[in-house]
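To keep things clear, I will list the structure first and then write my remarks on it.
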Amino acid sequence: MLGRKFRYNRDVWWKTLFKELGLKRMDPKWIRDLTLQYWRVYAANSPPFKDAEPTVRKLKRAGYKLGIVSDSDGTPGMKRKRIRQVPFRILFEAIVVAGEDTPRVKPGHESFSLIARKLRVQPKSSIYIGDNPRTDIEGAKAVGMISVIVHRRGNQGGNPDYHVPNLRALPGLVKSI
């Protein structure tokens, strides 16, 4: 079983797939090119959720410090490159790519502590909003952050402090906390 840090590494995925198909001795350069092409196609066809930009803009106008904590894509630098393609990324004051900026991917607590330091806030006065109960909630709670789960794909578990059906519900919730 691959460790979490390699779970998203498409180079490993392709090698595993081709091995299962009985193909041997795949050229590492070809594998790398395939991975880079995969991420180009993925980025071009994976726009942010429609409620993301208006919600981020509303929170920013309300004066909140905003940051991103996201896991590595397994290809160093690729997640940061994908984030740079998001038109409203400039509204975020800090970005942490777990597994690249920190030794471990989420739910390792290092990325949550690091984003708080970069934003110059205390974790206990921070709210972490995520959509993956397994990785987002555990890590945020480990450093004392208030945790909110956005229900996107039937995601359950993680015991978050709050639940929201979509990002549009966040400004009201954040204001009430």
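The Kirkwood hydrodynamic radius of region 97-177, based on inverse pair distances between different Cα atoms, is 12.7 Å. Mean separation of Cα pairs under 8 Å and 6 or more residues apart, divided by the residue count, gives region 71-138 a relative contact order of 25 percent.
Taken one residue at a time, the phi angles of region 90-98 give Karplus couplings (6.51, -1.76, 1.60, θ = phi - 60°) of 5, 7, 8, 7, 8, 9, 10, 9, 5 Hz. Gly and Pro are set to x. For the chain, with all protein chains in place and a probe radius of 1.4 Å, 56% of the accessible heavy-atom surface sits on carbon or sulfur.
Can you list the DSSP H helices in the chain whose Cα atoms extend at least 18 Å along the helix axis and whose mean Kyte-Doolittle hydropathy is -0.5 or higher? Write out the running numbers ahead of the final one.
Values: long enough: 28-44 (24 Å, -0.39).
Membrane-span-like by this criterion, though nothing is claimed about a membrane: 28-44.
Largest accessible area first, the listed residues LEU167, LEU21, LEU36 line up as LEU21, LEU36, LEU167 when surface is computed with a 1.4 Å probe on the assembled protein chains. Loop-resident trypsin sites (Lys or Arg not before Pro) (DSSP state other than H, G, I, E or B) in region 100-161 with no more than 14 further Cβ atoms inside 10 Å of their Cβ: ARG120, ARG152, ARG153.
Note on LYS175: lysines with a C-alpha under 28 Å away, same-chain residues under 8 apart excluded, are LYS50, LYS58, LYS60, LYS65, LYS106, LYS118, LYS124, LYS141.
The values are calculated or read from the model by the stated rules, or taken from the named source; none is laboratory data. Please read these numbers as outputs of a predicted model, since none were measured by experiment. FYI the Cβ positions are ideal-geometry reconstructions off the backbone, even for glycines, and counts take in every protein chain you see. Side chains are part of the model used for accessible areas, which takes the heavy atoms of the whole protein and leaves out ligands, DNA and RNA. Shrake-Rupley method; radii C 1.70, N 1.55, O 1.52, S 1.80 Å.
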